[in-house]
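S.K.: Got a structure for you, questions after.
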Amino acid sequence: MAKDPGRVLIFDTTLRDGEQSPGASLNLEEKLAIAQQLARLGVDVIEAGFPFASPGDFAAVQKIAEQVGGEEGPIICGLSRASKPDIKACADSISPAPKKRIHTFIATSDIHLEHKLRKTRKEVLDIVPDMVSYAKGFVEDVEFSCEDAARSDLDFLYEVIELAISSGANTINIPDTVGYTTPSEFGDLILNINKNVPNISEAVLSVHGHNDLGLAVANFLEAVKNGARQLECTINGIGERAGNAALEELIMALHVRRSYFNPFFGRPPESPTPLTAVRTEEITKSSRLVSNLTGMVVQPNKAIVGANAFAHESGIHQDGVLKNRLTYEIIDAKTVGLSDNKISLGKLSGRSAVRARLEDLGYDLNREDLNDAFARFKDLADRKREITDRDLEAIVSEQVQLPEALFQLKLVQVSCGTSLMPTATVTVVGKDEEEKTSVSLGTGPVDAVVRALDSLTEEPNELIEFSVKSVTEGIDALGEVTIRIRRDGKLFSGHSADTDVVVAAAQAYINALNRLVAAEGRNSIHPQHDLAKVNKKSG
Ligand SMILES: [Zn+2]
C-alpha cells in the first residue's frame, strides 16, 4: 500500500487549475489574498501557479512563496512540464518558501502520447527518471503526475510510476484529466496501483479529477477508500470546463461521514480524529473570497457553499428543524463558518472597532488599506443601519481588486421610471487623466450607464454576463454585482457591492475594463478608485 500520512492531505489548486477557468484570471494581489486565506483554511499544499507559463505566473508564485509559506504553514508548490527550463523556473519561483514542492507531469495515455506529445512510450520511460531526478536536485519534495492516467494502459502506467518513485518522487498523482472515469473504476485503479507497483509504499498516492460527468468528488472519495491520501481540489470546484473536484464537498463528506471513512484509516469507527487538517469554519469565507475575486458566481443550490445549502423552505422541514435541527440537517451551518450574527457596528463605530472586527474575520490590513476600508464603512453606514460581517467582507474583498486602475469612476447619475427614458450621466477619469462626462439613453438604467461608460472609455467589448445578488437580507442590503466582458476571445470579470445596484454595476463594469486593460499590459496611472467619493442619484 502507498504511504499513509495518517490523514488525507489537501492539495489546493484553486490558483493553478482553478485559475484556468474561462474568465477567472486573477492579478497578483488577488492571488496573494486567496493564498493567505488558504493558509488560514489549513490546506496542506498550495499549488500557486505554473511559473514557466508567464512572467506574471512566476511573480505570483514567488510572492506567495515569500509571504504565505511558513514553517507551520502550507507547502508551496509550482507546476512544471517534464522539461528542464520548466522545472528550473518552478524551482526558482518557489525557492523563498520554507516548505516547497515541485510538481512535474507527463502524459501516459496513448491518445496524449500520439496526438499531443508525439512521443513513444519508450521515450516517456527515458524522460521520467531524468526529469524527476533533475527536480530532486532543487528540492526534497517532488510530486509526479501521469497526465490522463485514467485512460492509460495499466502495465505502462505501473512502469512509469515505479520509475518516478525510484528516481525520487515522494508523491504520485493520478489524474482523471478529462472527467471520464466512474467511482468504482477509479477506486479499482487506485487499488491496482497499490497492488502492482512494487515500490508504492515509498510514496503518497494523490488524485486529481475533473467534473465533466459530475463525478469528481465521488471518484475521490472512492479513491480514499482504496488508499489515496492526497486530494487535489479547488474552492467552489472552479477549473477547466466543468471544473475540478470541490474542496468544500470533499472536506465536509470526510467530516460528516468520518465514522464511515475511519475504518479505512485503520481506526475504530467512532474515533473522533479528524480525517483532514482543514478548519471547516473557514470554508464559507474562502468560498466567498474566491467567488468575489474570480467573478465565478456560486450556484444557489451548490452543496455546502450555495446560498440555499442551509435554507429550509417547506413547512414540514422548518417545523422539524425548529423542534430538533437533526431532523433535516446533517451539518450545523456554524461548522462551515456560516453565522447570521448581526454585529453591533453602525454609524457611530470607530476605526478601532472596525479594525478589530476585520481582524476577527481574518483580514490583516495595512494602514492605507484600513483607511480605505474605514472610509467605505463610513459611507455605507450613512446608508445602512446595521453593518454585518458579510457587508464588511464585501467592502474589503472589492478593495483587493485592481490596486492600480486606468479608469476611475467619479460620478454616476441615473433617472428612470415608468414615464422616463432611462438616462445615465457618468464621469470618468481616463487615459489622459482628464475628467470626462457623458450622457446616454438606454433600455434600462444599467444599459444606459454601460453605454455612457463605453462612449468615455472607448474599449470595445461584449458584455456577456450581468448578475446581481444581495449580500444580506433587508431592503437596505448591499447589492453585489458581477459583470463579465469579452474581447478577442478572452473573458474579464468585475465585481462590486453597493446599496445602490446601479452604482455597483457601474463600478463592476469599470473594474472589468481595468482588468482588460491591465491584461493587455497597458500601464495604469491612477491610484485605486474610492467608492466613497462617488456621487450617486438613481431612481
Ligand atoms: Zn486538471
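The values are calculated or read from the model by the stated rules, or taken from the named source; none is laboratory data. Quantities reported herein were computed from a predicted structural model and do not represent experimental measurements. Quick reminder, even Gly has a Cβ in these numbers, built from the backbone with ideal geometry, and neighbours come from all protein chains shown. Ligands, DNA and RNA are stripped out before the accessible areas are found, and what is left, the full protein with its side chains, is counted by its heavy atoms. Shrake-Rupley method; radii C 1.70, N 1.55, O 1.52, S 1.80 Å.
S.K.: Any residue at all in the range 27-43 that's in contact with a strand residue (DSSP E or B) (Cβ under 9 Å, 6 or more places away or on another chain), touching a residue at least 40 places away in the same chain (Cβ under 8 Å), surrounded by fewer than 21 Cβ atoms within 10 Å (Cβ to Cβ) and not basic (Lys, Arg)?
M.R.: Yes, because at least one residue in the range 27-43 is in contact with a strand residue (DSSP E or B) (Cβ under 9 Å, 6 or more places away or on another chain), touching a residue at least 40 places away in the same chain (Cβ under 8 Å), surrounded by fewer than 21 Cβ atoms within 10 Å (Cβ to Cβ) and not basic (Lys, Arg).
S.K.: Right, here's the next one. Report yes if Pro183 is open to solvent by 10 Å² or more (accessible area, probe 1.4 Å), farther than 19 Å from Phe156 by Cα and away from the ligand (no atom under 12 Å from the Cβ), otherwise no.
M.R.: yes
S.K.: Here's something else I'd like to know. Being without any contact (Cβ under 8 Å) to a residue 40 or more places away in the chain and more than 16 Å from the ligand (Cβ to nearest atom) is the filter; apply it to the range 191-213 and report the residue that is nearest to the chain's Cα centre (by Cα).
M.R.: Among residues in the range 191-213 that are without any contact (Cβ under 8 Å) to a residue 40 or more places away in the chain and more than 16 Å from the ligand (Cβ to nearest atom), the one nearest to the chain's Cα centre (by Cα) is Leu191.
S.K.: Taking the range 151-172 only, how many residues are over 16 Å from Val124 (Cβ atoms) and surrounded by 23 or more Cβ atoms within 10 Å (Cβ to Cβ)?
M.R.: 1
S.K.: Please determine whether any residue of the range 291-312 is over 30 Å from Arg484 (Cα atoms) and open to solvent by less than 70 Å² (accessible area, probe 1.4 Å).
M.R.: yes
S.K.: Within the range 214-238, how many residues are within 15 Å of the ligand (Cβ to nearest atom) and assigned to a loop (DSSP other than H, G, I, E, B)?
M.R.: 2
S.K.: Need a quick list: strands (runs of 3 or more DSSP E) entirely within the range 457-507 having at least 2 residues that are closer than 30 Å to Arg385 by Cα and open to solvent by 30 Å² or more (accessible area, probe 1.4 Å).
M.R.: 462-470
S.K.: Residues in the range 331-338: is at least one assigned to a helix (DSSP H, G or I), of a type in the set (Val, Ile, Thr) and open to solvent by 30 Å² or more (accessible area, probe 1.4 Å)?
M.R.: For the range 331-338, residues assigned to a helix (DSSP H, G or I), of a type in the set (Val, Ile, Thr) and open to solvent by 30 Å² or more (accessible area, probe 1.4 Å): present.
S.K.: State yes or no: is Val132 touching a residue at least 24 places away in the same chain (Cβ under 8 Å), closer than 21 Å to Val197 by Cα and part of a helix (DSSP H, G or I)?
M.R.: Judged against the criteria, Val132 is a match.
S.K.: Across the range 18-63, what is the number of residues that are within 16 Å of the ligand (Cβ to nearest atom), modelled with pLDDT under 95, part of a loop (DSSP other than H, G, I, E, B) and out of contact with any Ser or Thr (no Cβ under 6 Å at 6 or more places or on another chain)?
M.R.: Residues meeting the conditions: 3.
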